[in-house]
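J.: Sharing a structure with you now.
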Amino acid sequence: SQQGEEDPQALSIQEGENATMNCSYKTSINNLQWYRQNSGRGLVHLILIRSNEREKHSGRLRVTLDTSKKSSSLLITASRAADTASYFCATDKSSGDKLTFGTGTRLAVRP
Amino acid sequence: EAGVAQSPRYKIIEKRQSVAFWCNPISGHATLYWYQQILGQGPKLLIQFQNNGVVDDSQLPKDRFSAERLKGVDSTLKIQPAKLEDSAVYLCASSRDRWQETQYFGPGTRLLVL
């Protein structure tokens, strides 16, 4: 079953704008990760946030985690056409546990 | 460092036929994962190996799917017989060990069952 549900399902923005996508999950987690998937390709790990962290940055990426609301958000600043991809959140319940992926947000960045 | 290799990249078969996918993980990675990704959904774990042992195969449809990693390096996933609903992308991933949180994915095999 899908642990995470991303919102929105699809997002279209202009190059240079910021993109925000959200992930909600149902049960307590250990870690939450975000992955990117370009069309027809495998997934690439973007960032990991632990359950005791509230915010994390990596380059143009900012991830927040609110365990009380069981939700996370991924912000991509100053988007580029190359950011066009599907973005998935993935959670695990404990160290060494399997990852459960959400349904994904399809982001289109118009040049 | 070479990434995760998968073959073939594409496969078209008719229902009730059999098919096999191959994966070679990143060198030195002890943990290997097979995922099924149906169009419009996120990847779903089918089976996880730690070296040549199975850690989790709770979501593997064992009546038709099988997987092995005999020497603890490369792995094959087989479907026999295939059903229409098996049409999906099959992704292989690896990690240094099961406690390394980051997984590295291969390009996937796109399967179409007619």
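J.: So, in region B:60-70, exactly how many residues are farther than 19 Å from B:P81 by Cβ and within 14 Å of the chain's Cα centre (by Cα)?
T.: Of the residues in region B:60-70, 1 are farther than 19 Å from B:P81 by Cβ and within 14 Å of the chain's Cα centre (by Cα).
J.: Moving on to the next point. Among the numbered criteria (1) surrounded by 15 or more Cβ atoms within 10 Å (Cβ to Cβ); (2) within 13 Å of B:D86 (Cβ to Cβ); (3) polar (S, T, N, Q), which one does B:S18 miss?
T.: Here B:S18 meets the rest and fails (1).
J.: A follow-up question, please. What's the total number of residues in region A:86-111 that are away from every other protein chain (no Cβ under 14 Å) and either surrounded by 18 or more Cβ atoms within 10 Å (Cβ to Cβ) or not in a loop (DSSP other than H, G, I, E, B) (or both)?
T.: Step one: of region A:86-111, the residues away from every other protein chain (no Cβ under 14 Å) are A:107-111.
From what is left, the residues that are either surrounded by 18 or more Cβ atoms within 10 Å (Cβ to Cβ) or not in a loop (DSSP other than H, G, I, E, B) (or both) are A:107-110.
Selection size over region A:86-111: 4.
J.: So B:L77 fits all but one of (1) within 14 Å of chain A (Cβ to nearest Cβ); (2) under 27 Å from A:S86 (Cα atoms); what number is the exception?
T.: (1)
J.: Where residues in region B:50-70 are in a strand (DSSP E or B) and in contact (Cβ under 8 Å) with a residue 24 or more places away in the chain, which of them is farthest from B:Q36 (Cα to Cα)?
T.: Of everything passing the filter in region B:50-70, B:Q50 is farthest from B:Q36 (Cα to Cα).
J.: Is there a residue in region A:10-21 that is closer than 24 Å to B:Q36 by Cα, in a strand (DSSP E or B) and more than 12 Å from the chain's Cα centre (by Cα)?
T.: yes
J.: Being among the aliphatic types (A, V, I, L, M) and either within 20 Å of B:Q103 (Cβ to Cβ) or buried (at least 19 other Cβ atoms within 10 Å of the Cβ) (or both) is the requirement here; does A:A78 meet it?
T.: no
J.: In addition: Could you tell me which residue of region B:71-114 is surrounded by the most Cβ atoms within 10 Å (Cβ to Cβ), considering only residues that are free of Cβ contacts under 8 Å to residues at least 60 places away in the same chain and acidic (D, E)?
T.: B:D86
J.: Can you find, within region A:43-85, the residue that is nearest to the other protein chains (Cβ to nearest Cβ) among those that are β-branched (V, I, T) and under 13 Å from the mean Cα position of the chain (by Cα)?
T.: Here is the first cut: in region A:43-85, the residues β-branched (V, I, T) are A:44, A:47, A:49, A:63-64, A:67, A:76-77, A:84.
Narrowing further to those that are under 13 Å from the mean Cα position of the chain (by Cα): A:44, A:47, A:49, A:63-64, A:76.
Working: A:V44: 7, A:I47: 10, A:I49: 11, A:V63: 14, A:T64: 18, A:I76: 19 Å.
My answer is A:V44.
J.: Among the residues of region B:6-24, what is the count of those that are part of a loop (DSSP other than H, G, I, E, B) and over 23 Å from A:S86 (Cβ atoms)? Write out each step before concluding.
T.: So in region B:6-24, the residues part of a loop (DSSP other than H, G, I, E, B) come out as B:8-9, B:14-18.
The next check asks that each one be over 23 Å from A:S86 (Cβ atoms); those that pass are B:14-18.
Total meeting the criteria: 5.
J.: Being among the polar types (S, T, N, Q) and within 12 Å of chain B (Cβ to nearest Cβ) is the filter here, so list the residues in region A:5-42 that pass it.
T.: Listed by number, the residues that qualify are A:Q9, A:N30, A:N31, A:Q33, A:Q37, A:N38, A:S39.
J.: Here's something else I'd like to know. Would you please name the residue that is surrounded by the most Cβ atoms within 10 Å (Cβ to Cβ), looking only at residues in region B:55-70 that are touching a Lys or Arg at 6+ places or on another chain (Cβ under 8 Å) and more than 12 Å from chain A (Cβ to nearest Cβ)?
T.: Among them, the one singled out is B:A67.
J.: Also: Exactly one condition in (1) of a type outside the set (F, W, Y); (2) touching a residue at least 24 places away in the same chain (Cβ under 8 Å); (3) farther than 16 Å from B:T102 by Cα is false for A:R62; which is it?
T.: (2)
J.: Among residues belonging to region B:35-46 that are at the interface with another protein chain (Cβ under 10 Å from one of its Cβ atoms) and in a strand (DSSP E or B), point out the one that is surrounded by the fewest Cβ atoms within 10 Å (Cβ to Cβ).
T.: Among residues in region B:35-46 that are at the interface with another protein chain (Cβ under 10 Å from one of its Cβ atoms) and in a strand (DSSP E or B), the one surrounded by the fewest Cβ atoms within 10 Å (Cβ to Cβ) is B:K44.
J.: Working only within region A:22-45, note down all residues that are touching a residue at least 40 places away in the same chain (Cβ under 8 Å) and assigned to a strand (DSSP E or B).
T.: A:N22, A:C23, A:S24, A:Y25, A:N31, A:L32, A:Q33, A:W34, A:Y35, A:R36, A:Q37, A:L43
No value in this document is a laboratory result; all are computed from the given coordinates. Predicted, not measured: the structure shown is a model, and the values here were computed from it. All Cβ positions, glycine included, derive from the backbone under ideal geometry; neighbour counts span all protein chains shown.
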